[in-house]
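The values are calculated or read from the model by the stated rules, or taken from the named source; none is laboratory data. Computed from a prediction, not measured in an experiment: that's the story for all the values here. Every residue, glycine as well, gets a Cβ built from its backbone with ideal geometry; the counts of neighbours run over all protein chains shown. Heavy atoms of the whole protein, side chains included, go into the accessibility calculation; ligands, DNA and RNA do not. Shrake-Rupley method; radii C 1.70, N 1.55, O 1.52, S 1.80 Å.
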Amino acid sequence: MSSLPDFLYKKADDNTSDGSYRRPVIGISANCKDGTSCIADPYYRSVVMAGGAPVLLPVTTNIHALASVVDRLDGLILSGGGDIDAGYLDEDPIPELGDTDVYRDEYDFLLLRLAFNRQLPVFGICRGHQVINVAFGGTLYQDICTQYPGDLLKHSQEEARDVATHTVILTDIPSKLRQALHRPEERMIPVNSFHHQAVRKVAPEFIATAVSPDGLNEAMEHPEYPIFSVQWHPEPMAVADNEAMLDLFRYHTGQANLFAKARNLHRRMLTVDSHTDTPMIFNSFNLGSREGGKVNLPLMEEGFLDAVFMVAYLPQGARDDASFQKAYEYVMDRLSQVTAQAALYPGRMGIACTPDDASQLKQEGKRSVFLGVENGYAIGRDIHKLKRLKEVGVSYITLCHNGDNDLCDSAAGDGEWGGLSPFGRKVVAEMNRLGLMIDVSHAADSTFYDVLKHSRKPVIASHSSSRALCNHRRNLDDGQIRALALQGGAVQVCLYKRFINEDAGKASLSDAVRHICHIVDIAGMDAVGIGSDFDGDGELTGCRAANELMQITVRLIAEGFNEEDIAKIWGGNLMRVMRSVQQPLVS
């Protein structure tokens, strides 16, 4: 190698090895021409200028090869190119449809799906804009010249691509596009476009962020997921020193950098979701498959989620001996189903009973499942059943569900006991003795304060949110949150729509982050965690399954939380409570 100029070796050798130089890796989808995967220089030059490290993604439909590449990316750019085949639009092709490449179509749609499953930031350009729209349920004009009902500008330009040939009008709503362009007041942006297919109907949940003067859609984005796209070509203008167009690449690179930081945090810290109802669907479910359910091993692995509490949920039923026995047997069956699932995948998961178990499983590259019971109705009036539940691995019991039981009053009950029943007070003492965490989600306010009065150990609310932000009886008010925190407990913010936003149809990931921030503000960093309630109707726009929980971390980084703070929120606080509860009582 000595024949090469020394300055080249020096340039390589002087590159720091501590990782401080690392740029976010941005994959760029390729065109396929004459059997060659290729892309125009301005795409990768724009990424370099914006602070990213571009990688050209060869056109292949081998899913394992694509997935292996996407696993190593921090962001994705879907580039421009030829027409999308009419078959993907559920339409017959019109004569004006240009040449299509169904292989490129398949490649792009697979690539986008893989990126979305991993929650990568995505930036679509021209054809990429259209691919995103189709993939998420929108429609296209196959040819605007023959299908668009209004008078058109010339959208297929003859000028050089780095010359602005028309303008687009930014919509008035706050948007990623406005944020990226750093133009909060401007409405008209000069651009250059080259296309005859275009977005007809914007995909559900997406919002239009720019239109051309003739009314044709020019940009869109998802309000919660890190996805935005434009119809024009910003890359030639960006490399020609157009700062506005380069800012689009800077924004995307910044989002990719946030994602990379979040993923690295997940690799280092233990992440725990404190409440899922997945055992309810085990009769037709396999944890090793991503088919059905919002929590399974593929989703946890994609989202770098280490551990979940899977609870045996019981609706409140009749309170007689036969019903009590039936309820107990059902719970034991659900719990055994969870352990049976773990036995199917010993190389990928294990049952955890302690924080140390979960940490060890993470070191082994495995996922953890903690066991819980939702509704103390499971023990009926037999306190000895608590020991049996502890012996099979149960870590917490939610004292009630939607209805009073023999332990306590529920938030949805009639106030039968005025809080804990006499039997419920004995249950609290016995759970303290056994090292079972007491969960006050679903409990009436009176029960909540009785539990804090009688428990000698910290208490959790495994899936409750802030009543101050969403006035629902299932949430905790600020006084309760502070009281729980003072006793060393934790409130696990629930991703159930009606507990997050009083207008459930608008409930979003942004709302959940506000709940987390509010609890931190009023009770401190040690008081909050996350309990998704997935598979029990928990889901929000922007966070619908275990793989999407990564977006909470991205948002927390953007909010200014440091690694120590985020580790507390993502399980540190809950594991601290668990360690405390599992310590023997001192007389």
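Which numbered condition in (1) more than 30 Å from the chain's Cα centre (by Cα); (2) over 16 Å from ARG319 (Cα atoms); (3) among the hydrophobic types (A, V, I, L, M, F, W, C); (4) open to solvent by 20 Å² or more (accessible area, probe 1.4 Å) is the only one that ALA468 fails?
Single failed check for ALA468: (1).
Would you call ARG178 basic (Lys, Arg), open to solvent by less than 10 Å² (accessible area, probe 1.4 Å) and within 28 Å of the chain's Cα centre (by Cα)?
When the stated conditions are applied, ARG178 does not pass them.
Quick one: which strands (runs of 3 or more DSSP E) sit completely within the stretch 129-207 and have at least 3 residues that are touching a strand residue (DSSP E or B) at 6+ places or on another chain (Cβ under 8 Å) and closer than 23 Å to GLU91 by Cα?
139-141, 198-201
From the residues in the stretch 312-335 that are among the hydrophobic types (A, V, I, L, M, F, W, C) and touching a strand residue (DSSP E or B) at 6+ places or on another chain (Cβ under 9 Å), which one is nearest to ALA443 (Cα to Cα)?
LEU314
Scan GLU96, GLU91 and give me the residue that is within 28 Å of TYR148 (Cβ to Cβ), in contact (Cβ under 8 Å) with a residue 60 or more places away in the chain and charged (D, E, K, R).
Just a single option satisfies the conditions, and that option is GLU96.
What number of residues within the stretch 42-75 satisfy the criterion of being open to solvent by 60 Å² or more (accessible area, probe 1.4 Å), over 30 Å from ILE144 (Cβ atoms) and not polar (S, T, N, Q)?
The qualifying residues number 7.
Working only within the stretch 234-268, note down all residues that are in contact with a strand residue (DSSP E or B) (Cβ under 9 Å, 6 or more places away or on another chain), over 14 Å from GLY75 (Cβ atoms) and open to solvent by 20 Å² or more (accessible area, probe 1.4 Å).
ASN242 - this is the single residue of the stretch 234-268 that is in contact with a strand residue (DSSP E or B) (Cβ under 9 Å, 6 or more places away or on another chain), over 14 Å from GLY75 (Cβ atoms) and open to solvent by 20 Å² or more (accessible area, probe 1.4 Å).
Of these, SER289, SER336, which one is part of a helix (DSSP H, G or I), surrounded by fewer than 16 Cβ atoms within 10 Å (Cβ to Cβ) and not charged (D, E, K, R)?
It is SER336.
Within the stretch 76-86, can one find any residue that is touching a residue at least 12 places away in the same chain (Cβ under 8 Å), out of contact with any Lys or Arg (no Cβ under 7 Å at 6 or more places or on another chain), open to solvent by 40 Å² or more (accessible area, probe 1.4 Å) and of a type in the set (A, V, I, L, M, F, W, C)?
No, the conditions are met nowhere in the stretch 76-86.
Can you say whether GLY393 is out of contact with any Ser or Thr (no Cβ under 6 Å at 6 or more places or on another chain) and open to solvent by less than 30 Å² (accessible area, probe 1.4 Å), as far as the supplied structure shows?
yes
Being free of Cβ contacts under 8 Å to residues at least 40 places away in the same chain and either surrounded by 22 or more Cβ atoms within 10 Å (Cβ to Cβ) or in a loop (DSSP other than H, G, I, E, B) (or both), is that true of even one residue in the stretch 371-389?
yes
So which residues in the stretch 284-314 are within 18 Å of GLY536 (Cα to Cα) and free of Cβ contacts under 8 Å to residues at least 40 places away in the same chain, if there are any at all?
If the condition is that a residue be within 18 Å of GLY536 (Cα to Cα) and free of Cβ contacts under 8 Å to residues at least 40 places away in the same chain, then SER284, PHE285, ARG290, GLU291, GLY292 are the ones that fit.
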